[in-house]
Amino acid sequence: MELKRIVSITFLSSVILFSGPLSLVNASVNDSKMTVKHSGKEEQPNIKILATGGTIAGSSESSTDTTGYESGALNIKTIIKAVPELKKIANVSGEQVVNIGSQNIDNSILLKLAKRINTLLASKDVDGIVVTHGSDTMEETAYFLNLVVKSDKPVVVVGSMRPATAISADGPLNLYNAVKIASTKDARNTGVLVALNDRIGAARYITKTHTTAVDTFKSPEQGYVGEIAGDKVIFYNKPTRKHTTQSIFDVSKLDELPQVDIIYGYQNDSRGFYDTAVKTGAKGIVVAGAGNGLLSDAALTGARDAVKKDVVMVRSSRVGSGVVTHEESDDKDTFVTSDSLNPQKARILLMLALTKTKDPKKIQEYFNEY
């Protein structure tokens, strides 16, 4: 597709211009082997940037377009070049894993990304990892990595809410901050982190709360673990739940993950979605229930019958914050409760739990610990 225009990417007072057809920019977008060589001084930390696409790699014909852009239009080489200040804080190299909108991230990509991260972090030549990612499902990828990365070295997931071509694009500074965090010793053994809008969030607690605002990522109950202030990385808290090197979950020999579906509860719902999930091969179901994870009578009938067919049922909540409490009725129905995990993160943990066991009691222990 010919796009006769000039793409401008702004970082503070620096402007880098890219001209010509967009097809030229995209020529190496899907080349997973493409790398960007180290730049900077040898005594600086070595940070690897693994790119997956998203808004931070997005492009539009209009500099005022912040919603109708093309995700994953720019490759990692272009993105790194747009932030020349990176070479002042780290030896940075980049690698394109995929280049897509995060709504299209699937289990195979999660496994590929996790395995690549573990391989890189096992090397003494890599001090930390930054993953560029679309914001829509960023919290899911971050939490997955939080459970399967086998290193205490920093892993920071970063994205943006405005495409690279937008006025006041937030991607360049977010990327700079993410590399700075990954270069910091205080970021070791903190689990996987998410960095946007000068805030540092823990993968276990952070969630997207607004469709378009740059301050969308928040931890409503537990709060942020740190922030970037005056070019300084400041940590205030550390996650208390098990993660990374403390986690029992290992994907090194896995080629696929069990099917886990999410069913949303609402007025006048039925058992139909439960029956369909079982029929299509679900090994687990997460319910985004009303309030404290409640199911309607009709949905409850479908959930109970699914359990009889060896499907693990997890009660979560559509509310967005708070703990789904475990009740006597859950023991009677052999249901698991999600603690404070929202439905999308509960799905991540349940998938991994099912690689270890189908025992609801043991899986409940995982939800209490992770």
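The values are calculated or read from the model by the stated rules, or taken from the named source; none is laboratory data. Remember, it's a predicted structure, so these values are computed and weren't measured experimentally. Positions of Cβ are backbone-derived with ideal geometry, glycine not excepted, and every protein chain shown enters the neighbour counts. Each accessible area value is taken on the protein alone, full model and side chains, heavy atoms only, with ligands, DNA and RNA left out. Shrake-Rupley method; radii C 1.70, N 1.55, O 1.52, S 1.80 Å.
If you model the range 46-246 as an ellipsoid using its alpha carbon gyration tensor, with each semi-axis the square root of five times an eigenvalue, the axes come out at 23, 18, 17 Å, biggest first.
Full extension of the chain segment joining Tyr266 with Ile167 gains 31.7 nm, where the gain is 0.36 nm per residue of separation less the Cα-Cα distance.
Computed with the Debye formula from one identical point scatterer per Cα of the range 260-369, without solvent, the log10 of I(q)/I(0) at q = 0.10, 0.20 Å⁻¹ comes to -0.22, -0.98. When the pairs Lys48/Lys180; Lys279/Lys332; Lys88/Lys180; Lys218/Lys283 are compared against a 21 Å limit on Cα-Cα distance, Lys279/Lys332; Lys218/Lys283 fall above it. Modelled spin-label separation between Thr325 and Thr67, with each label point placed 7 Å from Cα along the Cα-to-Cβ direction: 4.0 nm.
Distant-in-sequence amide contacts of Ile262, defined by a placed amide H-H separation under 5 Å and a gap of 5 or more residues or a different chain, comprise Val286.
Per-residue packing, averaged as other Cβ atoms within 10 Å, sorts the ranges 43-52, 342-351 into the order 342-351, 43-52, beginning with the highest. Accessible surface of the chain, 1.4 Å probe: 49 percent of it comes from carbon and sulfur atoms. Sites listed here are chymotrypsin sites (Phe, Trp or Tyr not before Pro) in the range 229-302 whose DSSP assignment is loop and whose Cβ has at most 16 other Cβ atoms within 10 Å: Tyr236, Tyr266. Rounded, prolate or oblate: which fits the range 99-203 when a ≥ b ≥ c are the square roots of the eigenvalues of the alpha-carbon gyration tensor, with rounded for a/c under 1.5 and prolate only if a/b beats b/c? Verdict is oblate for the range 99-203. In the range 260-369, with Lys and Arg counted as +1 and Asp and Glu as -1 at Cβ, which of these residues, Gly322, Val311, Leu295, has the Cα nearest the positive end of the dipole, that is, farthest along it? Of the options given, the answer is Val311.
Computed from the C-beta positions of Asp125 and Asp152 and an R0 of 22 Å, the FRET efficiency is 0.85 to the nearest 0.05.
Simple spin-label estimate for Asp275 and Thr240 gives 4.5 nm between the two label positions (7 Å along the Cα-to-Cβ direction from each Cα). Measuring nothing but how far apart in sequence close Cα pairs (under 8 Å, 6+ apart) lie, relative to its length, the range 260-369 scores a relative contact order of 25 percent. For the range 78-132 versus the range 311-370, the inter-centroid distance based on Cα atoms is 31 Å. Could you tell me which of rounded, prolate or oblate describes the range 178-251, using a ≥ b ≥ c as the square roots of the eigenvalues of the alpha-carbon gyration tensor, with rounded for a/c under 1.5 and, failing that, prolate when a/b is larger than b/c and oblate otherwise? The shape class here is oblate. Of the peptides 310-321, 214-225, the order by per-residue mean of other Cβ atoms within 10 Å, starting with the highest, comes out as 310-321, 214-225. Between amide H atoms placed 1.01 Å from N, distances below 5 Å from Phe217 occur with Thr209, all of them 5 or more places distant or on a separate chain.
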